[in-house]
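What follows is a single structure, written as structure tokens, with notes after it.
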Amino acid sequence: MILATAAKILRARRWSICNRHYGGRAVLSVNGFYGHVRRNEMRALCIFAGFLIAFQIVAAAALALPLAFFDLFHFPFLYPLSYLGKYGAPILIIELLVFLGQFLLFTSMVQTSIHFRFISSIDHCRLHKIVQNLSITAGIKTPRIAMIDSEQCNAFACGTDYDNAVIVVTRGLLEILDDEELATVMAHEIVHIRDGDIVLMACANIMVSNISLLSRFRIIKMFHKGCLIAMLIFPLFLYFIFFQEGAMKIGDNIGRFCRSFVGKSREFVADAEAVRLTHNPAALISALRKIQGRSDVETAQDMIESMMIDGHSDGPDATHPTIEERIAAITKLSGSMALDPRQRRDNRPIEDVKKHRIVGFGKRGL
């Protein structure tokens with residue numbers, strides 16, 4: 001027991017990543033691997049609680065019109081406590097059941113959305129061997145591997161547990177990265193699995209999609225032709241519309257605020273841990289530069305794009321830091337190792353090298 005505790009302390013100290021800055025602002029503020037995992041657990045709870053509230057508000061707005069005609073004494077905008085007493089618990093139960101079902105089927109939902117296919121170790125021995133070695137180093141079960149038939153360069157990990165995790169890569173990524181670059185990208189995704197980021201993202205994406213779906217299915221909408229006619233005939237209907245639209249907006253803002261809890265720092269942490277696993281910051285920097293500008297997978301929805309190694313980095317809904325910010329953080333973390341000029345290992349098929357006109361073909365063999 002004492003030896004196990006001491007090993008955990010040493011491990012946490014070795015993996016500590018504290019208060020790293022870029023451009024005068026903090027980009028990493030995580031007290032080690034265990035601190036990051038604990039923070040992920042707290043974020044997941046906060047996201048879940050926030051979305052329960054947001055879902056109740058959006059549901060109340062969606063049910064407002066039927067209740068105004070058939071159950072006025074439980075109208076949510078006039079009698080909120082009475083409404084919650086009668087409809088709050090059933091809606092909560094339905095919401096929990098829907099969430100549980102979607103959570104258990106999350107990987108299947110992602111597969112249906114982006115059309116990835118699982119690949120065997122026989123057909124892609126190079127990739128499987130890299131992932132297997134890194135999984136052993138990280139101390140997790142080797143995840144399943146899948147591929148998207150796209151020339152774009154991206155990758156992501158998804159799942160709800162270590163046992164059902166999947167790493168998905170694009171065909172273009174396999175073609176353009178050498179072995180060591182590919183290893184750093186796979187290490188990045190394995191860190192997301194090990195740290196519980198995939199569970200956090202699954203919770204956030206399920207909740208956002210549910211709120212968006214419920215918002216689209218409300219019976220009345222602002223500026224709808226029938227709604228405008230009803231407001232001319234019944235002026236009081238205007239106040240009802242404003243209440244409903246306001247409630248929808250509040251619920252949507254709460255959902256977006258909770259979604260922001262996921263934070264972009266997870267990408268910096270995954271980059272840093274990928275460097276620790278592979279001891280090769282130069283390869284990760286090279287991989288990020290090759291991915292930059294070629295990561296837009298056509299079939300990826302916002303839900304999937306937020307899980308990828310490179311995604312939106314501009315605007316209020318940005319899910320990733322910029323590639324330049326990440327390269328700067330890696331360079332500051334690793335120092336001169338980021339400029340390692342040595343020739344890297346490369347076992348890509350010759351046709352892939354010729355196809356992309358890659359210069360500086362690396363040495364063969366493992």
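Of note:
- Region 112-187 shape via C-alpha gyration tensor axes, a/c threshold 1.5: oblate
- Packing around the peptides 243-254, 143-154, taken as the average count of other Cβ atoms within 10 Å per residue, puts them in this order, highest first: 143-154, 243-254.
- Links that overshoot a 31 Å alpha carbon limit, given the list Lys86/Lys264; Lys290/Lys332; Lys129/Lys290; Lys264/Lys290: Lys86/Lys264
- Packing rank of 186-193, 175-182, 61-68, where each peptide gets the mean count of other beta carbons within 10 Å, highest leading: 186-193, 175-182, 61-68
- Tensor-based shape of region 121-165 (alpha-carbon gyration tensor, a/c under 1.5 rounded, otherwise prolate or oblate): oblate
- Stretchable slack from Asp296 to Asn347, in nm (0.36 nm times residue separation minus alpha-carbon distance): 15.8 nm
- Segment Ser120-Tyr162, extension gain: residue separation times 0.36 nm, minus the distance between their alpha carbons: 13.2 nm
- Long-range HN-HN contacts of Ala155 with modeled amide H, under 5 Å: Ile309, Asp310
- Sequence-ordered 3J(HN,Hα) estimates for region 149-164 from the Karplus curve with 6.51, -1.76 and 1.60 and θ = phi - 60° stand at 7, 9, 7, 5, 10, 7, 7, 7, 10, 9, x, 10, 6, 4, 6, 10 Hz, glycine and proline given as x.
FYI, it's all coordinate maths here, none of it is from the lab. None of the values given here were measured: they were computed from a predicted structure. Because the Cβ atoms are built from the backbone with ideal geometry, glycine has one as well, and the counts that use them run over all protein chains shown.
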